[in-house]
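The values are calculated or read from the model by the stated rules, or taken from the named source; none is laboratory data. These figures come from a predicted structure and were not determined experimentally. Here the Cβ positions follow ideal geometry from the backbone for every residue, glycine too, while neighbour counts run over all protein chains shown.
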Amino acid sequence: MLHTLHYTAGNAAVAQMLTVQRAPTVRDAATAEQMIEALEASGHSGDDAYGLMGHLTREAFPPGPGQSPFDMNDHIKSAGQARIAPIKARQSAQLLDKKWTIRHYSGADRSRPPTFNDIASTYDNALAGRVSSHTNMADWRSLGNIKFTFYLVAIDGRVPKRPFLNDVHWYAEWNLDDIRDCWFSRDLLGSMSKARDAGEAQSALADVKAFRGSGTEIKKILAASVFGAGNDPAEALDNVVGGAFELKVPGGLPVTRWERKT
């Protein structure tokens, strides 16, 4: 004869353990939905953007024998502590006076602007069931930057050339000085896609140039790096980082107006 299982605190704990065990792990998650489920089960879904990036990259690249744990944050330097040579500071002063903004491009329909009013991270889009077709699981696992949003830096209205700009017709814009926290690097997906453990991940980022700080601090570093680039310093941003320049902001930004790309 079957007996009714009495509910006790112990039974609840066992049930919870079984639930956690059945949840996919970060390394095994094949979809955004499974990744969110794994993060919720692990207790890391509430981490801020930098904390989650650290957790995901530690999970993605476990240390091998004799290796130290890998954390993407360890490869991002503080912009506020960066030393800019006095001569470069003087030479870049005029460039600093130009208009520095960040832009997010969107909108395939040239006749109508996008209808959304905020730039949302991959994580927030996934929670809302709006996973972009441009996002694959390598972004989630190898980079861990899913709570950031991504922007191009514009200097006097000019941005670096990007193929995707041929297919979009609108942009939202913010003053770089108004951004309280951000970081920049090259697009790191290609660097990280082949790494399998912490040691290989460390080697993949051996030459990375990445800085975190306020928009004003970031601007000073960039201006000192591209002041000799002639009439198109924005195009030189890729040379600063050795690849496709990206600026990342934790969370999202509100859109006050969409501008038509000219």
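Select, from Ala210, Ala204, Ala236, Ala223, the only residue that is free of Cβ contacts under 8 Å to residues at least 60 places away in the same chain and either more than 30 Å from Asp109 (Cα to Cα) or basic (Lys, Arg) (or both).
After ruling out the rest, the residue left standing is Ala204.
Please enumerate the residues belonging to the range 151-166 that are in a loop (DSSP other than H, G, I, E, B) and of a type in the set (Val, Ile, Thr).
Val159, the sole residue that qualifies.
Could you list, in sequence order, the residues of the range 136-158 that are closer than 21 Å to Asp118 by Cβ and touching a strand residue (DSSP E or B) at 6+ places or on another chain (Cβ under 8 Å)?
If the condition is that a residue be closer than 21 Å to Asp118 by Cβ and touching a strand residue (DSSP E or B) at 6+ places or on another chain (Cβ under 8 Å), then Asn145, Lys147, Phe148, Thr149, Phe150, Tyr151, Leu152, Val153, Ala154 are the ones that fit.
Would you tally the residues in the range 210-262 being assigned to a strand (DSSP E or B), surrounded by fewer than 22 Cβ atoms within 10 Å (Cβ to Cβ) and of a type in the set (A, V, I, L, M, F, W, C)?
2
Failed condition for Asn73, given (1) surrounded by 14 or more Cβ atoms within 10 Å (Cβ to Cβ); (2) part of a loop (DSSP other than H, G, I, E, B), with all others met?
So Asn73 meets the others, but not (2).
Just one of Asp156, Asp177, Asp139, Asp167 is buried (at least 16 other Cβ atoms within 10 Å of the Cβ), in contact (Cβ under 8 Å) with a residue 40 or more places away in the chain and closer than 26 Å to Asn239 by Cα; which is it?
When all the criteria are applied, what remains is Asp139.
From the set of residues in the range 212-226 that are out of contact with any Ser or Thr (no Cβ under 7 Å at 6 or more places or on another chain) and not hydroxyl-bearing (Ser, Thr, Tyr), which is farthest from Tyr50 (Cα to Cα)?
We begin by selecting, within the range 212-226, every residue out of contact with any Ser or Thr (no Cβ under 7 Å at 6 or more places or on another chain); these are 214-222, 225-226.
Going one step further and asking which of them are not hydroxyl-bearing (Ser, Thr, Tyr), we end up with 215, 217-222, 226.
Working: Gly215: 17, Glu217: 18, Ile218: 17, Lys219: 21, Lys220: 23, Ile221: 21, Leu222: 22, Val226: 27 Å.
Taking the candidates together, the pick is Val226.
Kindly list the number of the only condition in (1) surrounded by fewer than 18 Cβ atoms within 10 Å (Cβ to Cβ); (2) at pLDDT below 95; (3) not in a helix (DSSP H, G or I) that fails for Glu40.
Against the list (1) surrounded by fewer than 18 Cβ atoms within 10 Å (Cβ to Cβ); (2) at pLDDT below 95; (3) not in a helix (DSSP H, G or I), Glu40 comes up short only on (3).
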